[in-house]
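Student: Pasting a structure here, questions to come.
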Amino acid sequence: MPDHDRPDTPAAALAALLDGNRRFVAGSPEHPHQDAAHRAHTADGQHPFAVILGCSDSRVAAEIVFDRGLGDLFVVRTAGHMLGAEVLASLEFAVSALGAPLIVVLGHDRCGAVTAALGAHDDGATPTGFLRTIVERLGPEVLAAQARRIDDPAAVGELHVRSTAERILDGSPAIAEAVAAGRCAIVGMTYALASGQVRTIASHGLPAGPAGAEPPVTSRDRRPRPRTVRRGR
Ligand SMILES: [Zn+2]
């Protein structure tokens, strides 16, 4: 049975996440839905109100930074929030089968995956092992950033968040349909390790200026495409 207080629209879900982040930043978290009664209540089924595709970085734990608890967030985390078939399938499941009204791509500053990709492109050396996969996946975005004379890691990280959000829409017809119908939205955010604050930098499927968020800076509805990079020039 869905919780009566579960946010059921994209805008309400985003507002709930931003509220939780404000509590976390202020050092006054409420730790909702972490008690034994709620644990028992959610055992029969899950109705998460947001899907988080975040970096695996140990300092960017979704339930903590958004001050949420059991059953609230459907979380997928990979190094550098890399998007592959399994990840896309997980996101699609959360939207199509569980009815989650919001997907958040959560990047962060000082991301090791972004730093590794930039370093490999700077020195021209292709790393081996797991780093190779990360560098190869991020390669096109690093090149796109270089073409725009962007080499600041934070700005490249933001490009990567925006690009990941767009690739979710491109890669999943089911999610694209849910966004077009207004049942779901996709938001890109970056998280600041030191302050704990999230910042909304991209949005698909939300009305302009949702509560507490900065105005969306990318949209598939706009043509020609607006300039979306505000730093690193
Ligand atoms: Zn990272």
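The values are calculated or read from the model by the stated rules, or taken from the named source; none is laboratory data. Here the structure is a predicted model, which means the values were calculated and not measured. Cβ atoms come from the backbone with ideal geometry, glycine included; neighbour counts cover every protein chain shown.
Student: Filter the range 99-113 down to the residues that are within 22 Å of residue 61 (Cα to Cα) and away from the ligand (no atom under 16 Å from the Cβ), then identify the one that is surrounded by the most Cβ atoms within 10 Å (Cβ to Cβ).
Tutor: Out of the qualifying residues, it is 103.
Student: While we're here: For the range 114-126, name all the residues that are within 16 Å of the ligand (Cβ to nearest atom) and surrounded by fewer than 24 Cβ atoms within 10 Å (Cβ to Cβ).
Tutor: Across the range 114-126, the qualifying residues are 115, 116, 118, 119, 120.
Student: Among (1) within 16 Å of the ligand (Cβ to nearest atom); (2) in contact with a strand residue (DSSP E or B) (Cβ under 8 Å, 6 or more places away or on another chain); (3) assigned to a loop (DSSP other than H, G, I, E, B), where does residue 52 come up short?
Tutor: Going through (1) within 16 Å of the ligand (Cβ to nearest atom); (2) in contact with a strand residue (DSSP E or B) (Cβ under 8 Å, 6 or more places away or on another chain); (3) assigned to a loop (DSSP other than H, G, I, E, B) one by one, residue 52 breaks only (3).
Student: State all residues of the range 58-107 that are in contact (Cβ under 8 Å) with a residue 60 or more places away in the chain, charged (D, E, K, R) and in contact with a Leu (Cβ under 8 Å, 6 or more places away or on another chain); if no residue qualifies, say none.
Tutor: Scanning the range 58-107 gives a single hit, 59.
Per-residue answers, yes or no, for (1) modelled with pLDDT under 95; (2) over 14 Å from residue 187 (Cα atoms):
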| site | (1), (2) |
| --- | --- |
| 51 | no, no |
| 62 | no, yes |
| 69 | no, yes |
| 75 | no, yes |
| 79 | yes, yes |
| 89 | no, yes |
| 102 | no, no |
| 106 | no, no |
| 109 | no, yes |
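Student: Taking the range 67-98 as the search range and keeping residues that are in a loop (DSSP other than H, G, I, E, B) and under 12 Å from the mean Cα position of the chain (by Cα), which one is farthest from the ligand (Cβ to nearest atom)?
Tutor: Taking the candidates together, the pick is 83.
Student: So is residue 198 surrounded by 14 or more Cβ atoms within 10 Å (Cβ to Cβ) and at pLDDT 95 or above or not?
Tutor: yes
Student: Restricting attention to the range 154-170, does a residue exist that is closer than 24 Å to residue 110 by Cβ and free of Cβ contacts under 8 Å to residues at least 40 places away in the same chain?
Tutor: Yes: the range 154-170 contains one or more residues that are closer than 24 Å to residue 110 by Cβ and free of Cβ contacts under 8 Å to residues at least 40 places away in the same chain.
Student: While we're looking at this one, here's another question. Being β-branched (Val, Ile, Thr) and either on the phi > 0 side of the Ramachandran plot or modelled with pLDDT under 95 (or both) narrows it down to one residue among 187, 179, 217; which is it?
Tutor: So the residue among 187, 179, 217 that is β-branched (Val, Ile, Thr) and either on the phi > 0 side of the Ramachandran plot or modelled with pLDDT under 95 (or both) is 217.
Student: Just checking: which of the helices (runs of 4 or more DSSP H) contained wholly in the range 125-196 hold 1 or more residues that are closer than 14 Å to residue 115 by Cα?
Tutor: 130-147, 153-171
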